[in-house]
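Got a structure for you, questions after.
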Amino acid sequence: NAGVTQTPKFQVLKTGQSMTLQCAQDMNHNSMYWYRQDPGMGLRLIYYSASEGTTDKGEVPNGYNVSRLNKREFSLRLESAAPSQTSVYFCASTPLTVTYEQYFGPGTRLTVT
Amino acid sequence: DAKTTQPPSMDCAEGRAANLPCNHSTISGNEYVYWYRQIHSQGPQYIIHGLKNNETNEMASLIITEDRKSSTLILPHATLRDTAVYYCIVRVGAGANNLFFGTGTRLTVIP
C-alpha cells in the first residue's frame, strides 16, 4: 500500500491564481482531512470529510473549498491564492471518524508570492 | 478541548530513555490523551493514546497521573531517528476526527 499520497510536492503560485491540491489513499478509509502547517506552528484543520459525500469545516476554512471525489480522493482548492496561504498542506485519513490514529501524507509545500 | 502545555525543546542522549512531559490540567473525564510526532517536516505519525490507564506499545509508553492533569511519553531507548517534534493532544471521546496540534516539544537525540 502507498498509504496517503499527495500531489504536487511543491508549488509556487502568484497572488490570485487558483490551484487544486490532490490527495488519495489506498487503505479503504472512510474519513479524510486537510490540515495546514505554518512555519514553527502546529497543524490546523481546514476541512474534513467524515465519509464519502460529506464535508465539514475545520478551524481555518476561509479561502478554501474541498471535494470528496470518491472514497479514495479528497481535493483542496484555492480559488484565489493569497500570500497568507503560504504553508505546508497535509492530507490525512482514518478508517472511521471514531478511531485513534490518523495517517498522514508527505505534504505539499505551497508558496504564494 | 483541554489545552496542553509542553516544553518547547529537550535533549536526550542516544540509548537513554526520553521522558516528554505534558500538562493538561483542564482535561475532562472523557478526554483522551494522544501523542503524535513529526520528523523533519514529514507528516505527523501517531505514537500512542490513553484515557486514564498507563499504556505501552512497540514505540513508547504513556504514563498518565492519577488526577489525569499531566502525562509523560517515554521512549525507552532513544535513537537518532527519534529526533522530532512531539505533540501532546487531548480530544473528547475516542474519535480522532479533529486533532488540535499545539507547537509540541522538539526532541533532539544526541549521539
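Computed from the coordinates by the stated procedures, all read-outs in this text should not be read as laboratory data. Bear in mind that the values here come from a model prediction, so they are computed numbers and not experimental data. Ideal geometry is used to build each Cβ from the backbone, glycine not excepted, and the neighbour counts take in all protein chains shown.
Antiparallel DSSP bridges in the protein assembly as shown: what percent, to the nearest 5?
On the way: 61 of 70 bridges.
Around 85 percent antiparallel, to the nearest 5.
Continuing with the same structure: Quick one: order B:61, A:84 by neighbouring beta-carbon count within 10 Å, fewest to most.
On the way: B:61 17, A:84 11.
By the 10 Å Cβ count, ascending: A:84, B:61.
By the 4.7 Å beta carbon criterion, which cysteine residues of chain B come out unpaired?
B:12
Once you have the Cα-Cα distance between residue B:65 and residue B:19, take 0.36 nm times their residue separation minus that, and quote the gain in nm to one decimal. Mind showing how you got there, number by number?
Details: separation 46, 0.36 × 46 = 16.56 nm, distance 1.40 nm.
15.2 nm is the gain from fully extending residue B:65 to residue B:19.
Normalising by the residue count of chain A, find the relative contact order in percent from Cα pairs under 8 Å and 6+ residues apart. Can you show the working numbers first?
Details: 300 pairs, mean separation 40.6, N = 113.
Once divided by the residue count of chain A, the mean separation gives 36 percent.
Same structure again: In sequence order, what are the phi-derived ³J(HN,Hα) couplings for region A:46-58 according to the Karplus relation 6.51 cos²θ - 1.76 cosθ + 1.60 with θ = phi - 60°, rounded to whole Hz, with x for glycine and proline?
Coupling constants for region A:46-58: 8, 9, 9, 10, 5, 7, 4, x, 10, 9, 9, 6, x Hz.
To continue, here is another question. Counting other beta carbons within 10 Å of each Cβ, put A:32, A:19 in order, fewest first. Don't jump to the answer; show the numbers that get you there.
On the way: A:32 30, A:19 15.
Fewest-to-most Cβ neighbours within 10 Å comes out as A:19, A:32.
Here's another thing I want to ask about it. Search the structure for amide H atoms under 5 Å from the amide H of residue B:108, placed 1.01 Å from N in the peptide plane, and list their residues when 5 or more places away or on another chain.
Amide H neighbours of residue B:108, under 5 Å, 5+ apart: B:10, B:11, B:12.
Next question, about the same structure. How much of the DSSP bridge set in chain B is antiparallel, in percent, rounded to the nearest 5?
Working: 29 of 34 bridges.
The antiparallel proportion sits near 85 percent.
Which of the listed residues, B:13, B:54, B:88, is farthest toward the dipole's positive end in chain B, when Lys, Arg count +1 and Asp, Glu count -1 at the beta-carbon?
B:88
Test of understanding: ordering A:90, A:10, A:104, B:100 by Cβ neighbours within 10 Å, fewest first, what list do you get? Before the final figure, lay out each step's value.
Values: A:90 26, A:10 9, A:104 22, B:100 18.
Arranged by neighbour count, lowest to highest, A:90, A:10, A:104, B:100 become A:10, B:100, A:104, A:90.
Rounded to whole Å and sorted largest first, list the principal axis extents of the Cα atoms in chain A.
The Cα atoms of chain A stretch 37, 25, 23 Å along the principal axes, largest first.
Select from region A:10-113 those GluC sites (Glu not before Pro) which occupy a DSSP coil region and have at most 14 other Cβ atoms within 10 Å, ordered by residue number. Please report the intermediate quantities before stating the final value.
Details: sites: A:52, A:59, A:73, A:79, A:101; in loops: A:52, A:59, A:79, A:101.
Sparse-neighbourhood loop GluC sites (Glu not before Pro): A:59, A:79.
Please list, in order, the residues from region A:70-113 whose amide nitrogen is less than 16 Å from a point placed 7 Å along the Cα→Cβ vector of residue A:18.
A:75-82
Per the Cauchy relation, a quarter of the hull surface: what is the mean projected area of the convex hull of the alpha carbons in region B:1-96, in nm²?
On the way: hull surface 23.8 nm².
For region B:1-96, averaging the hull's shadow over all directions gives 5.9 nm².
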